[in-house]
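Every number in this text was worked out from the coordinates using simple rules, so none of it is lab data. Keep in mind it's a predicted model, so treat the numbers as computed, not measured. Virtual Cβ from ideal backbone geometry, glycine too; neighbours counted across all protein chains shown.
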Amino acid sequence: MKKNILVIVLIICGILFFYWYKPTPKTKLSSDTVVNSHITYTNASLDLIIVDLPFPDAVTGKEFSVIGKARGNWFFEASFPIQILDKDGKILMTAIAQAQSDWMTTNFVPFKAEIKVPNSYIGKATLVLKKDNPSGLPEHDASVSFPFTIEY
């Protein structure tokens, strides 16, 4: 009898869990752009590029490093561009991320970029990491971006 009650309670708990469970929100903006939490992927995914630092919504100083790993085909000649946008979406500065090991692979390759934001800017910003696209063809563009805050 106790075993039957336990089974019934577990079934009810399982049903209630699936009824109230809400996974991490994903909003599809277009067929090429996915917003997952605070990170926006355009023709990209976690399987192509991972940013270890800074984190989404982080607070940084005027100088900081962007560190992560990307598949070798994200690079061209061992680098790719990074942009910092101000709160209005205007480009504050552009930097170059450099591969930290052999980039001629389809495996993940560590990268690093040194960022120095203009001294005059404080506030909300967006970090944009762009796949290097030497062809210039829009169908080969890809990026990952997220908000952060720049302080003193």
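Which FRET efficiency, nearest 0.05, do Lys87 and Asp52 yield, Cβ-Cβ r, R0 25 Å?
Working from the Cβ atoms, E equals 0.55.
In segment 50-115, which GluC sites (Glu not before Pro) are in a loop and have at most 12 other Cβ atoms within 10 Å, using DSSP for the loop call?
Values: sites: Glu63, Glu77, Glu114; in loops: Glu77.
In loop regions of segment 50-115 (DSSP not H, G, I, E or B), the sparsely surrounded GluC sites (Glu not before Pro) are Glu77.
Tell me, what ³J(HN,Hα) does each residue in segment 138-152 have, in order and in whole Hz, if you take phi through Karplus 6.51 cos²θ - 1.76 cosθ + 1.60 with θ = phi - 60° and put x for Gly and Pro?
Using θ = phi - 60°, the values come out as x, 5, 9, 6, 7, 7, 9, 8, 7, x, 7, 10, 9, 10, 3 Hz.
Mind listing the long-range amide H neighbours of Ala58? Cut-off is under 5 Å, sequence gap 5 or more, other chains count too, H placed in the peptide plane at 1.01 Å from N.
For Ala58, whose amide H was placed from the backbone, the distant partners under 5 Å are Thr149.
Would you mind computing, in nm to one decimal, how far apart the modelled labels at Asn133 and Glu114 are, each placed 7 Å from Cα along Cα→Cβ?
2.9 nm
May I ask you to compute the full-extension gain from Thr105 to Ser65, defined as 0.36 nm times their residue separation minus their alpha-carbon distance, rounded to one decimal in nm?
Stretched fully, the Thr105-Ser65 segment lengthens by 12.0 nm.
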